[in-house]
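Heads up: the structure comes next, in structure tokens.
The values are calculated or read from the model by the stated rules, or taken from the named source; none is laboratory data. Predicted, not measured: the structure shown is a model, and the values here were computed from it. Because the Cβ atoms are built from the backbone with ideal geometry, glycine has one as well, and the counts that use them run over all protein chains shown.
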Amino acid sequence: MVKEDGLDKRAALEQRLRAFEGTSLHDHIKAAEMCLVPNVVILKKFRVLEFVKYTGTQCPVTHLRTYCNKMVEVVYDEKLLIHCFQDSLSDVALTWYMRLDNTKVKKMEGFS
């Protein structure tokens, strides 16, 4: 039964969120643990470029080549390349990228 003040709804929602997250709502998440590429250095003068977003329906090789061509200025900085790659993705491709395990991402093979 739902009370008029919404307390039961809020408690139910908090319980669902805790179950979904697997932890208390008040646990702190460390930003460094969420980063796919830790310790990336981004210079103040660096600006994020505009990309044609890859959705997973185009040719992935063409997208990677286009990305590296646009990022030619920093093509030898693998951490920055990997960090900025998310800006060139959308839809399913971005979801895939965000689910990558940061402990297993070491470098962009074949682009160094």
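Yes/no matrix, rows are residues, columns are (1) at pLDDT below 85; (2) of a type in the set (Asp, Glu); (3) surrounded by 14 or more Cβ atoms within 10 Å (Cβ to Cβ):
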position: 36; (1), (2), (3): yes, no, yes
position: 41; (1), (2), (3): no, no, no
position: 45; (1), (2), (3): no, no, no
position: 52; (1), (2), (3): no, no, no
position: 58; (1), (2), (3): no, no, no
position: 64; (1), (2), (3): no, no, yes
position: 69; (1), (2), (3): no, no, no
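Here residue 103 clears all of (1) out of contact with any Lys or Arg (no Cβ under 8 Å at 6 or more places or on another chain); (2) in a helix (DSSP H, G or I); (3) β-branched (Val, Ile, Thr) except the condition numbered (2). For beta carbons closer than 9 Å, sequence separation of 6+ or different chains, a first residue in the stretch 66-89 that is more than 11 Å from residue 37 (Cα to Cα) and a second that is outside any helix (DSSP H, G or I) and of a type in the set (Gly, Ala, Ser), the qualifying pairs are 75/112; 76/112; 89/56.
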